[in-house]
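Peer 1: Here it is: the structure, laid out below.
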Amino acid sequence: MSAKVVDIGLEGRAKREFLMVDRPRFGPAGVPPTFRMLKAKLEDVPKLLREEGLDAFEYQAVRWGAKPQIKREEAEKLGLKASENDVWLSLHGSYFINFCGGKEVIEASKQRLIACATAAEWMKAHTVIFHPGFYGKAPRTEVFKNCLAALKEVVESLKALNIKHVKIGPETMGKPSQLGSLEEIVSLCEEVEQTQPVIDWAHLHARENGRFKTVDDFRSVIEAIEDRLGTEAVKNMHCHFTKVEFTEKGEKRHHVLEEEAYGPDFTMLAKVIVEFDLKPVIISESPILDLDAIKMRDILQKEKLKVKV
Ligand SMILES: [Zn+2]
């Protein structure tokens, strides 16, 4: 995989290193249903994605507890096949992680995140994505502080375990009751080493009542990340994308790209990717996973050609 490590010393901020993504990459969140119908093994997934012209895959560890629920051998095999087929790997961490709860919940969550990072290291996955948690009744500033402290401790533990190549990626969340506004995610990443913001565009759209209406609305997110975390952070964004239905309580349901009644519109994001020459990893969380990943790849390609003409 042609990627290079860049170390950028942003003064007074968490030191960050990037394994540069070499181009925009697309892939599904989890094994596509058609692959399952073929009875494909996990190790076959990278090759099947490559045959579809896709080049990223987000392994779903969303039901895991305190220990990795994949054998080391199987994880390493997936990593090897991903590398052979030039597929960029990430791992979606457990839904049972909650850094916004009481002490015991936070301690258990730390173990769950470390278990995910351990398996990610076996796979040589680049990022472990996780949901920070629900606010509950405690004051928001206090909850944020606890979450930040827990995340710092997780990264310390990873260092002690010699897990150096996996980034921890807090994700923007789709409900106002969840910790995970763009501001909060960027703040976490600003403060903690070995982290990377995960921008779930559908979540931001749902959380903020249909935020993305124009190309400018997308541009403002890119600029906010660049301002706070630097150009390399924004160039190498890890993203989730799908169309989404929402209520005043936020995210309700994912929809396929083709459904015009729902946003956000990927074409607008594609324009911004071209404008800023970004190299994001874009994971499709659409109900038709890989098929919408292919569609997004093609939309971006079209936007690129428009600029060249
Ligand atoms: Zn997620």
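The values are calculated or read from the model by the stated rules, or taken from the named source; none is laboratory data. Keep in mind it's a predicted model, so treat the numbers as computed, not measured. Here Cβ is always computed from backbone atoms with ideal geometry, including for glycine, and neighbour counts include all displayed protein chains.
Peer 1: Starting from segment 194-209, keep only residues that are touching a residue at least 24 places away in the same chain (Cβ under 8 Å) and within 14 Å of K249 (Cα to Cα), then list their pairs with residues that are part of a strand (DSSP E or B) and within 12 Å of the ligand (Cβ to nearest atom) whose Cβ atoms are within a distance under 6 Å, requiring at least 6 positions of separation or different chains.
Peer 2: Within 6 Å, the pairs are A206/E251.
Peer 1: Return yes when T247 is farther than 14 Å from V186 by Cα, among the hydroxyl-bearing types (S, T, Y) and surrounded by fewer than 15 Cβ atoms within 10 Å (Cβ to Cβ) and no when it is not. Steps first, please.
Peer 2: Numbers: farther than 14 Å from V186 by Cα: yes; among the hydroxyl-bearing types (S, T, Y): yes; surrounded by fewer than 15 Cβ atoms within 10 Å (Cβ to Cβ): yes.
Considered against the rule, which asks whether it is farther than 14 Å from V186 by Cα, among the hydroxyl-bearing types (S, T, Y) and surrounded by fewer than 15 Cβ atoms within 10 Å (Cβ to Cβ), T247 comes out as yes.
Peer 1: If you take the residues of segment 127-146 that are within 16 Å of the ligand (Cβ to nearest atom) and either within 16 Å of E107 (Cβ to Cβ) or basic (K, R) (or both), which of them is nearest to the chain's Cα centre (by Cα)? Reasoning before the result, please.
Peer 2: Within segment 127-146, the first condition is being within 16 Å of the ligand (Cβ to nearest atom), and the residues that meet it are 127-134.
Keeping just the survivors that are either within 16 Å of E107 (Cβ to Cβ) or basic (K, R) (or both) gives 130, 132-133.
Details: F130: 8, P132: 13, G133: 16 Å.
Ranking the candidates gives F130 first.
Peer 1: Test A82 against the criterion of being away from the ligand (no atom under 16 Å from the Cβ), closer than 29 Å to K47 by Cα and hydrophobic (A, V, I, L, M, F, W, C), and give yes or no.
Peer 2: In short, yes.
Peer 1: Let me ask something else. Which is at pLDDT 95 or above, surrounded by 24 or more Cβ atoms within 10 Å (Cβ to Cβ) and out of contact with any Lys or Arg (no Cβ under 8 Å at 6 or more places or on another chain), of L78, L48?
Peer 2: Result of the check over L78, L48: L78.
Peer 1: Moving on to the next point. Please pick out the residue among T141, T214 that is modelled with pLDDT of 95 or more and among the hydroxyl-bearing types (S, T, Y).
Peer 2: Result of the check over T141, T214: T214.
Peer 1: Restricting to segment 148-198, and then to whatever is within 16 Å of the ligand (Cβ to nearest atom) and of a type in the set (S, T, Y), can you tell me which residue is surrounded by the fewest Cβ atoms within 10 Å (Cβ to Cβ)?
Peer 2: Checked segment 148-198; the qualifying residue surrounded by the fewest Cβ atoms within 10 Å (Cβ to Cβ) is S177.
Peer 1: So, in segment 46-64, how many residues would count as being in contact (Cβ under 8 Å) with a residue 40 or more places away in the chain and away from the ligand (no atom under 16 Å from the Cβ)?
Peer 2: 5
Peer 1: In the set I283, I294, which member is in a helix (DSSP H, G or I) and among the β-branched types (V, I, T)?
Peer 2: Only one candidate qualifies: I294.
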